[in-house]
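The values are calculated or read from the model by the stated rules, or taken from the named source; none is laboratory data. For clarity, every value in this text was computed on a predicted model and none was experimentally measured. Every residue, glycine among them, receives a Cβ derived from its backbone with ideal geometry; neighbour counts consider all protein chains shown. These accessible areas exclude ligands, DNA and RNA; they are computed on the full protein's heavy atoms, side chains included. Shrake-Rupley method; radii C 1.70, N 1.55, O 1.52, S 1.80 Å.
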Amino acid sequence: IAVSQICEASGFDSSQDSALETLLDIATRYLETLVCFAHSHANSCGRSQCHTVDAINAIGEMSSLLGVF
């Protein structure tokens, strides 16, 4: 539902179920990877729980790996 709402907010009027399933898979993998990176940052700081700064660092690290920044 969330992926469909994101598509709608981005200007799409309709979509095929297979396209939404693919986008859902990509979004899920991205978020899972983001959580792993954030967890890694927290561990490197000696914490067992992630803080906002860990998520921010994870986003930055993932962006640099993708060549966004």
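Couple of notes before you dig in:
- Set Ala2, Ala38: member being in contact with an Asp or Glu (Cβ under 8 Å, 6 or more places away or on another chain) and open to solvent by less than 80 Å² (accessible area, probe 1.4 Å): Ala38
- Residues (in contact with a Ser or Thr (Cβ under 8 Å, 6 or more places away or on another chain) and among the hydrophobic types (A, V, I, L, M, F, W, C)) located in segment 12-57: Leu20, Ala42
- Subset of segment 5-21 (residues that are open to solvent by less than 80 Å² (accessible area, probe 1.4 Å) and either outside any helix (DSSP H, G or I) or among the β-branched types (Val, Ile, Thr) (or both)): Gly11, Ser15
- In segment 43-69, the residues that are touching a residue at least 60 places away in the same chain (Cβ under 8 Å) and part of a helix (DSSP H, G or I) form no Cβ pair under 9 Å with any partner that is open to solvent by 60 Å² or more (accessible area, probe 1.4 Å) and of a type outside the set (Val, Ile, Thr), whether six or more places apart or across chains.
- If you check Thr28, Thr52 for being open to solvent by less than 100 Å² (accessible area, probe 1.4 Å), out of contact with any strand residue (DSSP E or B) (no Cβ under 6 Å at 6 or more places or on another chain) and not small (Gly, Ala, Ser), only one passes: Thr28.
- Sole exception among (1) assigned to a helix (DSSP H, G or I); (2) in contact with a Cys (Cβ under 9 Å, 6 or more places away or on another chain) for Leu24, by number: (2)
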